[in-house]
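A.B. asks: Handing you this structure, nothing more for now.
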Amino acid sequence: MLENRDFLKLFVTRLREIDVDTHLCKNVDELYDNLKGLVENVETPIPIVGNGTDYRRELIKKMLKDGLKFRIMVPDLLEPFSDIELSIGFPEYGLANTGTLVYKASSSIEEVSLYFPEKHISIISKDRIIYDLEDLEKLSVENILERGESLLLITGSSSTADIEGEIIRGVHGPRVLYVFVLEEAR
Amino acid sequence: MKLEERVLEKLSSFRGKWPILQSSLRKKERKEKVLPEISMEDLRNVRSIREKAIQELEENIERLKRVLEEKGAELYIARDGVEASKIVIKICKENNVKLIVKSKSLTTEEIELNKFLESEGIEVIETDLGERLIQLAGQKPSHILGPALHMTRYEVAEILSKYYGRKILPDPREIVLEVRREFREKYQRADMVITGANLIIAENGAIVLVTNEGNDRLSLAFAPIHVVIAGVEKIVPSTKDALRILKVLCRKATGQRLSSYVSFNVPSSLAYPKDGMKKIRKTIYILIDNGRMNARRDEDFREALYCIRCASCLEVCPPYNMLGGHVFGYIYSGPMGIPWTMITHGLKNTEFAQLCNICGLCKEECPVDIDLPYLNILVKKMYGEAYGYPSINRKIKRYEKLIDLGSKLPSFSNTIMNQRLFKKLIEEYVGIDRRISLPRFSSKSLGEIFKEIGGGERGKIALFTDSMLYYFLPELALKAVDILSKLGFKIILPKQKSSGMPLIQNGFINEAREVALYNVSSLYKLVDRGYKVVTLEPTSYLCISRYYPKILQTRESIKVSENTYTFYSLLKTIGWSELENIVKKLDNMSLIYHKPCHTLMENGSIPVIDFIEKLNANVMFRNAGCCGLAGTWGMKKNGHGYDIGIEIGKWTLDMYEKLRGEMIVTECTACYIQFSNLSKHLPVKHVLELIQPL
Ligand code: SF4
Ligand code: SF4
């Protein structure tokens with residue numbers, strides 16, 4: 001079993017192995033600088049879903065303050081989804097050994113936000129990275145299900161190998177997946 | 001069309017492209033990296049979870065029912081497909097459903113639900129790309145996970161061009177974009193979603209869905225009604241069990257550590273508010289019996305219910321890879337498709353089981369260790385008893401007699417054996433394809449030249465050979481005897497009949513039982529007196545150690561099985577050091593080892609490889625599968641075996657030729673003969689031929 005500090009390295013390796021565009025950021029400022037380029041010219045509203053962390057709040061504050069040309073969407077009041085280009089999510093956990101983002105969802109509004117756009121960005125701090133599926137067991141994820149929330153494990157972008165076994169991305173869900181890992185423990 | 005004709009047609013349409021095999025090979029490559037991450041303990045866990053889940057199925061159903069009631073979801077148990085379809089149609093009518101999106105549909109394929117729904121004027125859209133393609137083409141799935149694997153990009157483009165009414169280019173990227181666009185609109189309009197379930201968790205009612213496309217998530221997100229249709233065997237007790245299965249399932253199914261989308265869905269989640277109103281999605285579970293409860297009561301077929309649908313067995317099955325699921329399957333295809341077709345669609349649809357050559361590769365590959373070959377033997381038996389054994393199988397039973405007869409006058413037999421008229425005759429009466437070159441009889445059989453040998457200070461051995469070595473290559477058997485005697489064993493050649501594999505392979509269990517009984521009685525007396533049984537052919541070992549105890553179920557057969565070794569595993573138990581004083585070393589040769597399909601792994605290793613390495617050779621091991629002969633199966637004329645077997649053999653050989661070894665070696669005489677006949681460039685040797693006494 002790996003030490004906790006190695007999870008970050010493994011997580012990033014695994015994500016890159018499955019073609020996820022992965023960025024390590026020292027702090028929220030660096031994260032914001034990296035993120036800016038991706039969100040700034042998005043013309044459709046950007047739904048933001050997932051965990052209510054402090055870095056989520058900080059980031060949104062920065063985005064709003066900077067007056068970037070984009071619209072954040074409160075997913076509860078969703079507009080028709082057909083033209084959403086990009087969404088941002090804050091997962092509960094990351095699984096290092098599989099490169100997985102673990103979300104919980106109490107309504108399919110969150111789900112639509114995660115799966116409908118062409119591109120999705122997940123943001124996670126390093127202390128949320130656990131080793132593997134078995135650790136979900138230890139964290140008693142069954143309680144999430146007991147509470148009536150769904151558990152969503154995302155490992156890479158949407159893909160199909162149905163035509164001559166060739167892997168093509170983006171058949172239903174996001175074609176491109178970005179993950180930003182905050183190296184600061186939060 | 002008869003099965004044999006369908007085989008020939010499929011072989012000719014696949015020739016040169018082999019789409020199913022290509023996809024299996026690609027998947028095998030992808031899996032190489034992640035499979036070592038599955039431990040023996042992981043596999044044992046999955047097996048015991050599945051065993052327990054089936055054992056306690058009734059309790060689990062009750063528990064699930066209670067949980068679902070608490071969560072406001074409904075649960076129906078449908079006896080069969082018709083009953084399930086009626087329930088779905090009732091729900092559709094009550095809720096004015098016009099458009100249904102579906103995902104994870106194999107169980108609904110099983111019950112042919114779409115036909116029922118469409119006859120009621122309900123539009124049904126399969127959202128998995130492969131499922132959608134076969135839906136538009138009006139075909140059945142050819143693979144349990146990749147239903148459209150048999151289609152080329154050109155065929156796909158043609159199907160979609162016809163459907164969209166405009167030209168779609170045969171470019172997978174373009175195709176995917178088109179489909180994505182169409183589905184987006186359909187998801188948002190759907191009145192109902194039907195999904196299957198990879199697993200259902202009894203303790204909280206969650207269904208587990210595993211996909212790479214994400215179609216399940218989007219189907220679910222918008223529709224206000226969710227109907228889950230799954231086999232009743234999919235229930236597992238707890239979330240913990242589901243997590244353990246997932247670890248193995250995803251790696252085995254696609255070579256991913258986890259599939260792109262794995263979700264645990266509970267009935268109370270909210271649907272997307274199309275009309276601005278938040279709504280709890282109405283969830284209805286329909287669990288289908290359709291033969292499963294009967295199978296559960298059957299001591300043998302209960303095992304099939306442990307299947308986690310990873311499709312690994314399909315990828316290693318040589319005839320399936322050549323033919324695909326439209327020939328080697330009904331709705332469920334490949335190895336698992338044989339027992340599953342019997343369970344869900346009845347014996348009458350299992351004729352394709354005849355295409356299984358009982359190579360056993362599927363059992364080795366199955367993460368739940370389901371004895372598919374044995375279940376397939378039973379299906380052949382039951383099919384034969386119900387509808388008559390296929391005449392080709394009744395003919396091939398005469399093979400052993402032909403060999404016995406031929407061995408009486410070996411030089412005469414050798415003269416006439418490969419003459420055209422004789423070949424025609426044996427094709428007619430024994431079913432052996434006339435294109436086969438039969439091996440030459442030795443002037444004396446092993447029985448005629450064998451003499452009891454060895455002092456016995458190390459132990460006593462009863463040698464068991466099969467007809468191939470006994471009649472055709474006895475001098476090779478003597479090489480093994482020589483080594484054993486030099487190691488201090490006393491060796492005898494007891495009374496024995498050929499192991500009976502052709503009978504077992506074709507489901508003639510009653511006759512096989514007689515052969516097994518004969519051999520077990522002969523060997524048991526010796527085992528009782530302290531002898532070890534040593535086999536020289538992988539098939540003999542397989543029969544004695546695995547099949548005899550199964551078909552006889554006697555104390556004697558178990559004891560004989562426990563005291564039987566292959567020549568190589570016996571050497572391994574002694575240790576290799578003494579070998580150095582007995583046999584000459586090879587000169588650092590690079591040998592391509594062909595693992596015969598009947599050679600069983602022993603604690604994850606193959607003693608023959610150790611043996612060859614001790615002889616100082618470099619072993620280039622490529623577990624390519626099958627030589628295509630599989631005993632007598634590949635001898636059966638035309639599409640019954642020969643034409644498929646030859647293609648399998650050529651493929652395997654082609655792979656070996658690319659390895660640049662000096663020669664192919666194998667310990668199975670049938671594989672040795674097959675490759676010797678097929679190989680034009682690479683020399684082929686029997687492992688025993690490598691032995692040169694010092
Ligand atoms: S035993 Fe061999 S031929 Fe038969 S189903 Fe299994 S893999 Fe296929
Ligand atoms: S029988 Fe075994 S290998 Fe085949 S699909 Fe089922 S679990 Fe997988």
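A.B. asks: What tally of residues in the range B:207-224 results from selecting those that are more than 9 Å from chain A (Cβ to nearest Cβ), within 30 Å of B:Ile54 (Cβ to Cβ) and open to solvent by 10 Å² or more (accessible area, probe 1.4 Å)?
C.D. replies: 1
A.B. asks: Tell me, which residue of the range B:327-347 that is open to solvent by 20 Å² or more (accessible area, probe 1.4 Å) and out of contact with any helix residue (DSSP H, G or I) (no Cβ under 7 Å at 6 or more places or on another chain) is farthest from ligand 2 (Cβ to nearest atom)?
C.D. replies: Once the filter is applied, the top-ranked residue is B:Gly346.
A.B. asks: Right, another one. Exactly one of (1) outside any strand (DSSP E or B); (2) open to solvent by less than 40 Å² (accessible area, probe 1.4 Å) is unmet by B:Leu463. Its number?
C.D. replies: Going through the list (1) outside any strand (DSSP E or B); (2) open to solvent by less than 40 Å² (accessible area, probe 1.4 Å), B:Leu463 breaks only (1).
A.B. asks: Would you mind finding the one in B:Lys90, B:Lys140, B:Lys52 that is away from chain A (no Cβ under 14 Å), without any contact (Cβ under 8 Å) to a residue 12 or more places away in the chain and closer than 28 Å to B:Ala295 by Cβ?
C.D. replies: B:Lys90
A.B. asks: Select, from B:Glu59, B:Glu29, the only residue that is modelled with pLDDT under 95, part of a helix (DSSP H, G or I) and exposed (fewer than 15 other Cβ atoms within 10 Å of the Cβ).
C.D. replies: Working: B:Glu59 fails: modelled with pLDDT under 95.
Answer to the check: B:Glu29.
A.B. asks: Okay, next question. Looking at B:Cys356, is it hydrophobic (A, V, I, L, M, F, W, C), open to solvent by 10 Å² or more (accessible area, probe 1.4 Å), touching a helix residue (DSSP H, G or I) at 6+ places or on another chain (Cβ under 8 Å) and within 11 Å of ligand 2 (Cβ to nearest atom)?
C.D. replies: no
A.B. asks: Looking at this structure, is B:Leu378 more than 14 Å from chain A (Cβ to nearest Cβ) and within 16 Å of ligand 2 (Cβ to nearest atom)?
C.D. replies: Numbers: more than 14 Å from chain A (Cβ to nearest Cβ): yes; within 16 Å of ligand 2 (Cβ to nearest atom): yes.
The answer is yes for B:Leu378.
A.B. asks: Ok, one more. Kindly state which strands (runs of 3 or more DSSP E) lie completely within the range B:566-676 and contain at least 3 residues that are over 19 Å from B:Val534 (Cβ atoms) and open to solvent by 30 Å² or more (accessible area, probe 1.4 Å).
C.D. replies: B:618-621
A.B. asks: Also, I was wondering about something else. Mind checking which residues of the range B:95-149 are outside any loop (DSSP other than H, G, I, E, B), of a type in the set (D, E, K, R) and more than 15 Å from B:Glu182 (Cβ to Cβ)?
C.D. replies: B:Glu109, B:Glu110, B:Lys115, B:Glu118
A.B. asks: Name the one entry in B:Glu182, B:Glu213, B:Glu158, B:Glu178 that is at pLDDT 95 or above and acidic (Asp, Glu).
C.D. replies: Result of the check over B:Glu182, B:Glu213, B:Glu158, B:Glu178: B:Glu158.
A.B. asks: Hey, any hits in the range B:300-318 for a residue that's open to solvent by 30 Å² or more (accessible area, probe 1.4 Å), more than 16 Å from ligand 1 (Cβ to nearest atom) and modelled with pLDDT of 95 or more?
C.D. replies: yes
A.B. asks: Mind checking which pairs have a first residue in the range B:352-371 that is closer than 26 Å to B:Arg6 by Cβ and of a type in the set (A, V, I, L, M) and a second that is open to solvent by 10 Å² or more (accessible area, probe 1.4 Å) and near ligand 2 (Cβ under 10 Å from one of its atoms), Cβ under 7 Å, 6 or more apart or different chains?
C.D. replies: B:Leu361/B:Val316; B:Leu361/B:Cys317
A.B. asks: Would it be correct to say that B:Gly325 is in a helix (DSSP H, G or I), farther than 30 Å from A:Asp132 by Cα and either in the same structural domain as B:Gln188 (by TED's automatic domain parsing) or at pLDDT 95 or above (or both)?
C.D. replies: It is false that B:Gly325 is in a helix (DSSP H, G or I), farther than 30 Å from A:Asp132 by Cα and either in the same structural domain as B:Gln188 (by TED's automatic domain parsing) or at pLDDT 95 or above (or both).
A.B. asks: Further question on the same structure: Residue by residue through the range B:41-56, note down the ones that are in contact with a strand residue (DSSP E or B) (Cβ under 8 Å, 6 or more places away or on another chain) and either small (Gly, Ala, Ser) or open to solvent by 40 Å² or more (accessible area, probe 1.4 Å) (or both).
C.D. replies: The one that is in contact with a strand residue (DSSP E or B) (Cβ under 8 Å, 6 or more places away or on another chain) and either small (Gly, Ala, Ser) or open to solvent by 40 Å² or more (accessible area, probe 1.4 Å) (or both): B:Ala53.
A.B. asks: Same structure, new question: Does B:Asn321 fit the bill of being surrounded by 22 or more Cβ atoms within 10 Å (Cβ to Cβ), farther than 24 Å from B:Arg79 by Cα and away from ligand 1 (no atom under 14 Å from the Cβ)?
C.D. replies: Against the criterion (surrounded by 22 or more Cβ atoms within 10 Å (Cβ to Cβ), farther than 24 Å from B:Arg79 by Cα and away from ligand 1 (no atom under 14 Å from the Cβ)), B:Asn321 does not qualify.
A.B. asks: Here's a check for you: in the range B:296-324, which residue that is more than 12 Å from ligand 2 (Cβ to nearest atom) and within 14 Å of chain A (Cβ to nearest Cβ) is farthest from B:Ala630 (Cα to Cα)?
C.D. replies: B:Gly324
A.B. asks: Same structure again: If we only count strands (runs of 3 or more DSSP E) wholly inside the range A:96-186, which ones have 2 or more residues that are within 10 Å of chain B (Cβ to nearest Cβ) and buried (at least 24 other Cβ atoms within 10 Å of the Cβ)? Reasoning before the result, please.
C.D. replies: Numbers: elements: A:100-105, A:119-125, A:150-154, A:176-182.
Strands (runs of 3 or more DSSP E) meeting the threshold: A:100-105, A:150-154.
A.B. asks: Considering only the range B:526-555, how many residues are among the β-branched types (Val, Ile, Thr) and surrounded by fewer than 17 Cβ atoms within 10 Å (Cβ to Cβ)? Break it down into steps so the answer makes sense when it comes.
C.D. replies: Keep residues of the range B:526-555 that are among the β-branched types (Val, Ile, Thr), which gives B:527, B:533-535, B:539, B:544, B:551, B:554.
Within this subset, residues satisfying the condition of being surrounded by fewer than 17 Cβ atoms within 10 Å (Cβ to Cβ) are B:554.
Total satisfying the criteria: 1.
A.B. asks: Does the range B:192-206 include one or more residues that are of a type in the set (A, V, I, L, M, F, W, C), in a helix (DSSP H, G or I), within 10 Å of chain A (Cβ to nearest Cβ) and in contact with a helix residue (DSSP H, G or I) (Cβ under 9 Å, 6 or more places away or on another chain)?
C.D. replies: Checked against the condition, which is being of a type in the set (A, V, I, L, M, F, W, C), in a helix (DSSP H, G or I), within 10 Å of chain A (Cβ to nearest Cβ) and in contact with a helix residue (DSSP H, G or I) (Cβ under 9 Å, 6 or more places away or on another chain), the range B:192-206 yields no hits at all.
A.B. asks: Looking at the range B:160-183, which of its residues are open to solvent by less than 30 Å² (accessible area, probe 1.4 Å) and either outside the structural domain of B:Glu109 (by TED's automatic domain parsing) or not in a loop (DSSP other than H, G, I, E, B) (or both)?
C.D. replies: Passing the criteria: B:Leu160, B:Ser161, B:Pro172, B:Ile175, B:Val176, B:Glu178, B:Val179, B:Arg180, B:Glu182, B:Phe183.
A.B. asks: What are the pairs, 6+ residues apart or on separate chains, where a residue within the range B:187-212 that is farther than 22 Å from B:Gly130 by Cα has its Cβ under 7 Å from a residue that is outside any helix (DSSP H, G or I) and among the basic types (Lys, Arg)?
C.D. replies: Here the result reads B:Asp191/B:Lys98; B:Gly205/B:Lys71, each pair linking the range B:187-212 to a residue that is outside any helix (DSSP H, G or I) and among the basic types (Lys, Arg).
The values are calculated or read from the model by the stated rules, or taken from the named source; none is laboratory data. From a predicted model like this one, the values you see are computed outputs, not experimental measurements. Glycine also receives a Cβ, built like all others from the backbone with ideal geometry; neighbour counts cover every protein chain displayed. For accessibility, only protein heavy atoms count, side chains too; no ligands or nucleic acids. Shrake-Rupley method; radii C 1.70, N 1.55, O 1.52, S 1.80 Å.
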